[in-house]
Amino acid sequence: MFRRLLASAAALAVAAAAIVFIDRAADAAAAGVSITATQASNGTTTLTYRATVLKAGAIREVTMAIPAGTTGRVTSINGTVSSVTSTVLRWRPARVTNVAVGARLAIPLYGLKLPAGGPWTLGFKSIGTAGQVITSGAGVLQPLKTYTAAVAVKATNPIPAQTTNLTYQATITKAGTLGAVRMQLPTGATGTYGTVNGTLFVSGGYATWKPKSPLNVAVGARLAIPVNNVQLSRFGGTMSLTVSATTATGTVLSTGAGSIAFIAPPAEMPAVAAAGFAAPPTGCPDAWPTTTAENAKSGTGDWVIPTSMNGTLAAYLTQVSASCGDSVDLKVTSGNPVSVVAYRMGYYAGLGAREIWRRDDVPTVVQDAPTTGGASADGKPLRMTSAASWSKTLTIPVDKDWAPGTYLIKVSDGTSATYAPLTVRDDTGTKHALMIQQATTTWQAYNSYGGSGFYTGGVDGGSGRLTFDRPYNEGQGSGQYLTLEQGLVFWAESKGLDVTYWTDNDLDQYGGQLPTRAGTLFLPGHDEYYSLRMRAALSQAIARGVNVANLGANTAYRVITFTDETRRAWDIDRYTDGYNSTTWRYLGDAYASQPLLGADYICPVMGNTLTTGGGWIFDGVANGTALPGFIAGEVDYVWPDLYKQPGQTTVASGTGACRSNGRAAPMHVTAYTAPSGARVLNGSTFAYGCFLVGRCPSNWTVPSPDAASQKTVATMVANIAEWVSRGTIAVPAETTAAKIRVAVPKHPLQTNTQP
């Protein structure tokens, strides 16, 4: 009924209570007063008062109550606004305005800034030129509804490395004409993008949508902009993606960010065939003595090489593992006659080994220096150090006297001595309660004998191919066996467990047989280098009910490829992206260790204290017991943006200090039960094995665990064995740590220096 005209402004500063104008209850009800609030583009509030005319006449003025505490510069239309009191405004029409009974008045007030609170009951009264009440009543003003951008991003298929459609949602917080919506894309995303009801432009990690024609949007309106055919990166995580809606001139109508998780489930692995077992060769038994019977035989401490005998004498075997009926060649460089003695490692009343076989006065030669070189098919330098050209010193027969187990072949000329490690498998087809794996591929990665290793290689960098055709320069020739793995062997055999052994190489070759060889698999302290067949076999075994306790950290972290069926050498891609491209995770989040084992590598540490808590892993250990140096070597933790197995729990945790930068590194010991019923534990520190024999690497902060710490870890490992095996491994109730009765030298341990 009114033409739109500008009116004068009146400044408000109000503080009193609202005034309500009501002549009679019946008239007030008939007036039907309503008051609505809307937000203006400048952030102020517009109040619109509406009422029904009850008596005809010409309007002289309208008085309207406002909430106490309201401020602002108020204007209206078709009339002027002035203050009556701090809570009452008067509006006078700019010209004579006649109204009939039943007409609906609508008086807008612009520019108000309302106080917090509400709702408010506010009066409205219109007086005619003859002094009569044209209408009068009260209405309820609800607080102005405020909006946040409330950005949300939804995906039809939020799986890294797959294609998805994204919908970006946001609430308009300022009214205006929508000109564009700018949306942040997931990190590394590509695709042949598409949308609807507009055009899409992609640049610099953002997609900008523009409507086909200008679109007026009110405060509170909800946008939903689709971006289709998005090819996600193989690296996911929880991402915060921004959305900004603007006018054509850049005025922001809504802006904010929403989180969305792109979490990759475990990568699918190829099936690994399970070949049958051949009949034992002639002269080999169908079954071997129990662990208890074997360890009841006389042991010896003569296997130990004192540091005074460290020298240039070196040796290696032409096989990583063997079985009864095989023979293994030994290659030695010395120039002096040597004795060659094979020791089976175990408990043996605390002496740690039993002599199995020996040859004395074996002639040797000084072998040629190993060679370093070679190139890949595409011309990349492999820098492989090899002593394959060495001549054979003697052949060792592995017969019925060689009970399956881990062996150190000691070679000595009386002045200097070294070891050559060998693992003897049980290939009879007997299924054992426990299998302990030897991390032979990792031993070789850290081996730099004669030239290059993975981490060492001079100015040209480390090797891209490693071979077992050379001695180990760690652990007096034992690789990382004495520093990290002997403790598991010593502990298991001291408890009389039904235990058998194999190596990383065997996991690659015989991995399909794992469910028929053992019910539970123990992985050692540092089992870092895995081929596709190794990883596939481990994944398949878990899916088929084999329990796994990873009593270490940094497991299955780097991806290797054996060069041929002999498995005497393996390749690693250090050329695509340096150290990054050597890792399984470089293939995508689905290939990280966490989806398989429960946690993933974070960094190397020198040795920090773990304090025991509650839970089954610490049964029999006083709450609050300190284990100085137990968080050591390298540690794993549960990355929040990697896949976490359903039902997975953290059964122990602590904090180490990263060796590279001193920053705090959380350590999480995790456990979960797979759909197959298999139980999987990730130990997340290197220290289990060395604590079991009270002898940790000499370059750790705490290299010598005391007897109390040794007993505590022995109790923890017993709890782990019983939990992970679902009770099929019964560790004797006496958990006092078995004591090794011979003095074994401590050795330094090389570890990954990369963050």
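Residues to consider are ARG558, ARG533, ARG567; find the one that is basic (Lys, Arg) and within 21 Å of the chain's Cα centre (by Cα). It would help to see each step written out before you state the result.
Numbers: ARG533 fails: within 21 Å of the chain's Cα centre (by Cα); ARG567 fails: within 21 Å of the chain's Cα centre (by Cα).
Testing whether each residue is basic (Lys, Arg) and within 21 Å of the chain's Cα centre (by Cα) leaves just ARG558.
Show the residue pairs meeting these rules: Cβ distance below 7 Å; 6+ apart or different chains; first residue within region 347-360 and among the β-branched types (Val, Ile, Thr); second residue buried (at least 18 other Cβ atoms within 10 Å of the Cβ).
Close Cβ pairs satisfying both conditions: ILE356/ALA342; ILE356/TYR343; ILE356/ARG344; ILE356/TRP402.
Test each condition in (1) assigned to a strand (DSSP E or B); (2) touching a helix residue (DSSP H, G or I) at 6+ places or on another chain (Cβ under 8 Å); (3) not small (Gly, Ala, Ser) for VAL424 and report the one that comes out false.
(2)
Taking GLY69, is it over 58 Å from the mean Cα position of the chain (by Cα) and outside any strand (DSSP E or B)? Step through it out loud before you land on a result.
Working: over 58 Å from the mean Cα position of the chain (by Cα): no; outside any strand (DSSP E or B): yes.
Spelling it out, it is not the case that GLY69 is over 58 Å from the mean Cα position of the chain (by Cα) and outside any strand (DSSP E or B).
Within region 124-145, how many residues turn out to be assigned to a strand (DSSP E or B) and either of a type in the set (Asp, Glu) or exposed (fewer than 15 other Cβ atoms within 10 Å of the Cβ) (or both)? Talk me through it step by step, then tell me what you get.
Step one: list which residues in region 124-145 are assigned to a strand (DSSP E or B), which gives 124-128, 133-141.
Then keep just the ones that are either of a type in the set (Asp, Glu) or exposed (fewer than 15 other Cβ atoms within 10 Å of the Cβ) (or both); that gives 140.
Result for region 124-145: 1.
Looking only at region 150-171, which residues are in contact (Cβ under 8 Å) with a residue 60 or more places away in the chain and part of a loop (DSSP other than H, G, I, E, B)?
ALA150, VAL151, PRO158, ILE159, PRO160, ALA161, GLN162
Can you tell me how many residues within region 29-53 are more than 16 Å from LYS145 (Cβ to Cβ) and buried (at least 22 other Cβ atoms within 10 Å of the Cβ)?
Total satisfying the criteria: 4.
Being over 30 Å from ASN197 (Cβ atoms) and of a type in the set (Gly, Ala, Ser) narrows it down to one residue among ALA116, ALA170; which is it? I'd like the intermediate steps shown before the answer.
Working: ALA170 fails: over 30 Å from ASN197 (Cβ atoms).
It is ALA116.
Kindly indicate which of ASP573, ASP619 is closer than 28 Å to ARG535 by Cα and either surrounded by fewer than 16 Cβ atoms within 10 Å (Cβ to Cβ) or charged (D, E, K, R) (or both). Break it down stepwise before answering.
Working: ASP619 fails: closer than 28 Å to ARG535 by Cα.
Result of the check over ASP573, ASP619: ASP573.
For the subset of region 263-287 comprising residues that are more than 42 Å from the chain's Cα centre (by Cα) and not small (Gly, Ala, Ser), which member is surrounded by the fewest Cβ atoms within 10 Å (Cβ to Cβ)? Steps first, please.
Looking only at region 263-287, we keep the residues that are more than 42 Å from the chain's Cα centre (by Cα), and these are 279-287.
Restricting the remaining residues to those that are not small (Gly, Ala, Ser) gives 280-282, 284-286.
Details: PRO280: 17, PRO281: 13, THR282: 6, CYS284: 18, PRO285: 12, ASP286: 9.
Result: THR282.
Looking at GLY727 and the list (1) crowded, with 17+ Cβ neighbours inside 10 Å; (2) on the phi > 0 side of the Ramachandran plot, which single condition is not satisfied?
(1)
Suppose the filter is touching a residue at least 24 places away in the same chain (Cβ under 8 Å), aromatic (Phe, Trp, Tyr) and closer than 21 Å to ILE159 by Cβ; does TRP639 pass it? Write out each step before concluding.
Working: touching a residue at least 24 places away in the same chain (Cβ under 8 Å): yes; aromatic (Phe, Trp, Tyr): yes; closer than 21 Å to ILE159 by Cβ: yes.
Yes: the conditions hold for TRP639.
GLY607: over 11 Å from the mean Cα position of the chain (by Cα), in the same structural domain as PRO646 (by TED's automatic domain parsing) and in a strand (DSSP E or B), yes or no? Outline the logic, then answer.
Working: over 11 Å from the mean Cα position of the chain (by Cα): yes; in the same structural domain as PRO646 (by TED's automatic domain parsing): yes; in a strand (DSSP E or B): yes.
In short, yes.
Has region 653-667 got at least one residue that is modelled with pLDDT of 95 or more, β-branched (Val, Ile, Thr) and either over 30 Å from GLY299 (Cβ atoms) or in the same structural domain as GLY614 (by TED's automatic domain parsing) (or both)?
Yes.
Look at LEU497 and say whether it is among the aliphatic types (A, V, I, L, M), more than 32 Å from the chain's Cα centre (by Cα) and more than 20 Å from GLN367 (Cα to Cα). Break it down stepwise before answering.
Numbers: among the aliphatic types (A, V, I, L, M): yes; more than 32 Å from the chain's Cα centre (by Cα): yes; more than 20 Å from GLN367 (Cα to Cα): yes.
Answer is yes for this residue.
Touching a Leu at 6+ places or on another chain (Cβ under 9 Å) and outside the structural domain of ASP508 (by TED's automatic domain parsing): which single residue out of ALA322, ALA279, ALA315, ALA274 fits that description? Quick ask: steps written out before the conclusion?
Values: ALA322 fails: outside the structural domain of ASP508 (by TED's automatic domain parsing); ALA279 fails: touching a Leu at 6+ places or on another chain (Cβ under 9 Å); ALA315 fails: outside the structural domain of ASP508 (by TED's automatic domain parsing).
Exactly one of ALA322, ALA279, ALA315, ALA274 is touching a Leu at 6+ places or on another chain (Cβ under 9 Å) and outside the structural domain of ASP508 (by TED's automatic domain parsing), namely ALA274.
Within region 93-116, identify whether any single residue is over 60 Å from the mean Cα position of the chain (by Cα), among the polar types (S, T, N, Q) and under 22 Å from GLY32 (Cβ atoms), and answer yes or no.
First, pick out the residues of region 93-116 that are over 60 Å from the mean Cα position of the chain (by Cα): 93-107.
Filter once more, keeping what is among the polar types (S, T, N, Q): 97-98.
Those left that are additionally under 22 Å from GLY32 (Cβ atoms): 97-98.
Checked region 93-116: at least one residue is over 60 Å from the mean Cα position of the chain (by Cα), among the polar types (S, T, N, Q) and under 22 Å from GLY32 (Cβ atoms).
Of the numbered conditions (1) at negative phi; (2) out of contact with any Pro (no Cβ under 7 Å at 6 or more places or on another chain), MET239 fails exactly one; give the number of that condition.
With respect to (1) at negative phi; (2) out of contact with any Pro (no Cβ under 7 Å at 6 or more places or on another chain), MET239 is out only on (2).
Before we move on, is LEU681 assigned by TED's automatic domain parsing to the domain that holds ALA622, modelled with pLDDT of 95 or more and under 27 Å from the mean Cα position of the chain (by Cα)? First the steps, then the outcome.
On the way: assigned by TED's automatic domain parsing to the domain that holds ALA622: yes; modelled with pLDDT of 95 or more: yes; under 27 Å from the mean Cα position of the chain (by Cα): yes.
Yes, satisfied.
Tally up the residues in region 712-748 that are among the β-branched types (Val, Ile, Thr) and in a loop (DSSP other than H, G, I, E, B), please. Lay out the reasoning, then the answer.
Narrowing region 712-748 to residues among the β-branched types (Val, Ile, Thr): 712-713, 715, 717, 720, 724, 728-729, 731, 735-736, 740, 742, 744.
Subsequent filtering for residues that are in a loop (DSSP other than H, G, I, E, B) retains 728-729, 731, 735-736, 740, 742, 744.
So the answer is 8.
Output the number of residues of region 146-161 satisfying the condition of being exposed (fewer than 15 other Cβ atoms within 10 Å of the Cβ) and at pLDDT 95 or above. Walk me through how you get there before you give the answer.
Our first condition is that a residue be exposed (fewer than 15 other Cβ atoms within 10 Å of the Cβ); within region 146-161, this holds for 146, 148, 150, 156-157.
Next, only the ones that are at pLDDT 95 or above stay: 150, 156-157.
The qualifying residues number 3.
Only one of (1) under 33 Å from the mean Cα position of the chain (by Cα); (2) over 30 Å from THR45 (Cβ atoms); (3) hydrophobic (A, V, I, L, M, F, W, C); (4) part of a strand (DSSP E or B) fails for LEU200. Which number is that?
The number of the failed condition is (1).
Return the residue satisfying two criteria in turn: it lies in region 203-232 and is surrounded by fewer than 17 Cβ atoms within 10 Å (Cβ to Cβ) and part of a loop (DSSP other than H, G, I, E, B), and of such residues it is nearest to the chain's Cα centre (by Cα).
GLY205
Applying the selection to region 381-393, what residues are loosely packed, with under 15 Cβ neighbours inside 10 Å and either in contact (Cβ under 8 Å) with a residue 24 or more places away in the chain or part of a strand (DSSP E or B) (or both)? First the steps, then the outcome.
Initial filter on region 381-393 (loosely packed, with under 15 Cβ neighbours inside 10 Å): 389, 391-392.
SER391, LYS392, listed by residue number.
Here's a check for you: in region 337-351, which residue that is outside any helix (DSSP H, G or I) and aromatic (Phe, Trp, Tyr) is nearest to LEU408 (Cα to Cα)? Lay out the reasoning, then the answer.
At the first step, the residues of region 337-351 found to be outside any helix (DSSP H, G or I) are 337-347, 351.
From what is left, the residues that are aromatic (Phe, Trp, Tyr) are 343, 347.
On the way: TYR343: 5, TYR347: 14 Å.
By that ranking, first place goes to TYR343.
Are any residues in region 436-464 touching a residue at least 12 places away in the same chain (Cβ under 8 Å), surrounded by fewer than 24 Cβ atoms within 10 Å (Cβ to Cβ) and not in a loop (DSSP other than H, G, I, E, B), and if so, which ones?
ASP460
Keeping to region 135-167, report how many residues are among the hydrophobic types (A, V, I, L, M, F, W, C) and in contact with a helix residue (DSSP H, G or I) (Cβ under 8 Å, 6 or more places away or on another chain). Give the steps one after another, and end with the answer.
Of region 135-167, the ones among the hydrophobic types (A, V, I, L, M, F, W, C) are 138, 140-141, 144, 149-153, 155, 159, 161, 166.
Still in the running and in contact with a helix residue (DSSP H, G or I) (Cβ under 8 Å, 6 or more places away or on another chain): 138, 161.
So the answer is 2.
Any chance you could count how many residues in region 709-755 are farther than 29 Å from SER478 by Cα, at pLDDT below 95 and in contact with a strand residue (DSSP E or B) (Cβ under 9 Å, 6 or more places away or on another chain)?
Residues flagged as farther than 29 Å from SER478 by Cα, at pLDDT below 95 and in contact with a strand residue (DSSP E or B) (Cβ under 9 Å, 6 or more places away or on another chain) within region 709-755 amount to 0.
Return the only residue of ALA377, ALA403 being without any contact (Cβ under 8 Å) to a residue 12 or more places away in the chain, in a loop (DSSP other than H, G, I, E, B) and in the same structural domain as ARG535 (by TED's automatic domain parsing).
Numbers: ALA403 fails: without any contact (Cβ under 8 Å) to a residue 12 or more places away in the chain.
The unique qualifying residue is ALA377.
When VAL702 is evaluated against the numbered criteria (1) modelled with pLDDT under 95; (2) closer than 12 Å to LEU488 by Cβ, which criterion, by number, is the only one it fails?
(2)
The values are calculated or read from the model by the stated rules, or taken from the named source; none is laboratory data. All of these numbers come straight from a predicted model, not from anything done at the bench. Here the Cβ is made from the backbone with ideal geometry for all residues, glycine too, and neighbour counts use every protein chain on show.
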